[in-house]
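The values are calculated or read from the model by the stated rules, or taken from the named source; none is laboratory data. As the structure is a computational prediction, the values presented were derived from the model and not from experiment. Every residue, glycine among them, receives a Cβ derived from its backbone with ideal geometry; neighbour counts consider all protein chains shown.
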Amino acid sequence: MRYLKSMVDENILDKTLALLKKYYLCDNCLGRLFARLGRGLTNKQRGETLKIVALMEAHRKLIEGLLSVEEFEKIATNIGSIADDTAVELGLDLKLSEIRKCSICGFQSLDLKINEYAKKALELLRRYSARTFLVGVMKNSSIERKEEAIASEYGLKFYENVRNELKREVGKAVQSMSNMNVRVDFSKPDIVVVIDLDKDIVSIRRMPLYLKGLYWKLGRNISQSKWILWDGSKKYPYSVQEALETLKELIGAKEVVLHASGREDVDVRMLGSGRLFIVEVKEPEKYSFSIRDIERKVNEKSRYVKVRFLGEASRKEVRLAKMEHARKIKVYKALVVVDKNVSEEQLRGLEEYFTNKVVRQRTPRRVLHRRPDVVRLRRVHSIKTKLLSSHVFEALIKCDGGLYIKELVSGDNGRTKPSFSEYLKAEAKCVELDVVYVST
Ligand SMILES: [Zn+2]
């Protein structure tokens with residue numbers, strides 16, 4: 001069995017000689033046909049070496065009468081200029097320095113192309129001050145098809161797809177040309193460089209930039225997203241979204257999308273710890289900038305919304321930030337007006353009653369048009385109150401995220417139980433509300 005196997009074994013050199021008898025191949029394309037053999041080598045090195053050994057072997061066979069002059073001429077011609085001196089010594093006039101096109105890639109050499117693509121890519125990466133990139137190559141090029149045809153014609157099992165070589169080598173070349181200032185990043189590249197071999201062009205796809213931050217709403221009547229009415233006017237004078245849209249001018253983004261971790265009502269201020277958000281900056285004109293600088297400029301332009309950027313985020317964190325807010329602990333400050341006199345004593349009682357109290361809350365009537373009618377159980381952890389006048393008090397309410405505070409105060413016609421109204425046996429109303437803390 002072993003004997004039979006070795007009978008059909010065609011070694012690399014035989015295959016190379018057979019290939020070079022018929023095709024002119026550039027170093028990279030020849031080397032790539034044996035790419036999976038030998039580690040730590042480039043295909044260019046494989047190709048160069050194979051050509052040298054093939055020249056030596058063809059020379060030996062010619063001297064020993066195992067190869068005709070015509071066969072040697074074909075091989076030497078396809079090997080190219082390294083066969084020059086040998087041909088001259090043999091008195092053959094082969095014009096080896098003539099520029100020829102590789103039978104696979106169609107270029108003079110794929111190596112020159114790699115360099116050209118890398119230069120073009122780096123120029124584009126620099127135009128947008130990208131820090132990271134990834135190289136992609138479009139599928140089904142005519143080069144891929146030629147490569148497959150030749151590999152199958154010669155039964156080559158160890159070849160590598162040209163797309164792999166280009167992705168790897170263009171990536172390496174860009175990195176070294178930039179002195180490692182621009183790096184390959186497989187998971188979160190700023191820019192994806194796309195090579196189209198058939199059209200022989202390099203283009204790019206600018207990936208979105210995600211910035212994580214905290215926002216504060218210092219005024220009331222400010223919505224989170226920009227709310228445009230049917231006639232094109234704004235429902236509210238300002239929004240967190242608009243504050244962040246300054247990024248469009250600052251880093252030349254096409255679109256800015258705000259992903260916040262929950263939201264407060266339009267008339268509720270967001271104070272204290274601020275609320276977490278991630279802003280998605282689509283197709284920015286630049287990827288390198290000082291985050292503090294950007295933050296200062298956003299805040300300069302925005303009077304009632306302030307932001308602090310915490311750094312960059314990933315697409316994955318957007319989902320997390322959106323999901324997690326309901327599980328967070330929040331502290332609200334509510335200004336409560338009661339239609340009867342309230343005593344200090346009653347307020348002490350209210351504080352005690354609501355300590356660690358689970359509240360049963362049916363979806364408030366005011367949000368029923370956009371939320372399903374369900375019953376939620378949310379815990380009030382503690383309440384601290386301060387009587388301001390006979391009918392007015394302030395309450396600091398620490399509770400689970402997702403509890404509607406205005407209804408905790410009013411009772412919402414019995415839809416929220418227990419409530420301040422129910423406990424005080426009076427009508428209590430939350431007239432001002434601020435978020436002062438959101439746990440991180
Ligand atoms: Zn080639």
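Observations, loosely collected:
- Within the set 300, 324, 255, the sole residue that is at pLDDT 95 or above and among the acidic types (Asp, Glu) turns out to be 300.
- When residue 115 is tested against (1) more than 16 Å from the ligand (Cβ to nearest atom); (2) at pLDDT 95 or above; (3) surrounded by fewer than 19 Cβ atoms within 10 Å (Cβ to Cβ), just one condition goes unmet, and that condition is (1).
- When 155, 213, 171, 136 are checked against the criterion of being in the same structural domain as residue 311 (by TED's automatic domain parsing) and either touching a residue at least 60 places away in the same chain (Cβ under 8 Å) or out of contact with any Phe, Trp or Tyr (no Cβ under 6 Å at 6 or more places or on another chain) (or both), a single residue qualifies: 213.
- Among the residues of region 53-70, those identified as hydrophobic (A, V, I, L, M, F, W, C), out of contact with any Lys or Arg (no Cβ under 9 Å at 6 or more places or on another chain), more than 17 Å from residue 35 (Cα to Cα) and surrounded by fewer than 17 Cβ atoms within 10 Å (Cβ to Cβ) are 56, 63, 69.
- Those residues of region 20-46 which are of a type outside the set (Phe, Trp, Tyr) and within 12 Å of the ligand (Cβ to nearest atom), in sequence order: 25, 26, 27, 28, 29, 30, 31, 32, 33, 43, 44
- Strands (runs of 3 or more DSSP E) fully within region 336-413 counting 2 or more residues that are of a type outside the set (A, V, I, L, M) and loosely packed, with under 15 Cβ neighbours inside 10 Å: 375-389
- All positions within region 161-206 that are surrounded by 21 or more Cβ atoms within 10 Å (Cβ to Cβ) and of a type in the set (A, V, I, L, M): 162, 166, 170, 174, 182, 191, 193, 195, 197
- Test: residue in region 33-41 that is surrounded by 14 or more Cβ atoms within 10 Å (Cβ to Cβ) and in a helix (DSSP H, G or I): no
- Evaluation of residue 62 against the conditions (1) within 23 Å of residue 153 (Cα to Cα); (2) at pLDDT 95 or above shows that the sole unmet condition is (1).
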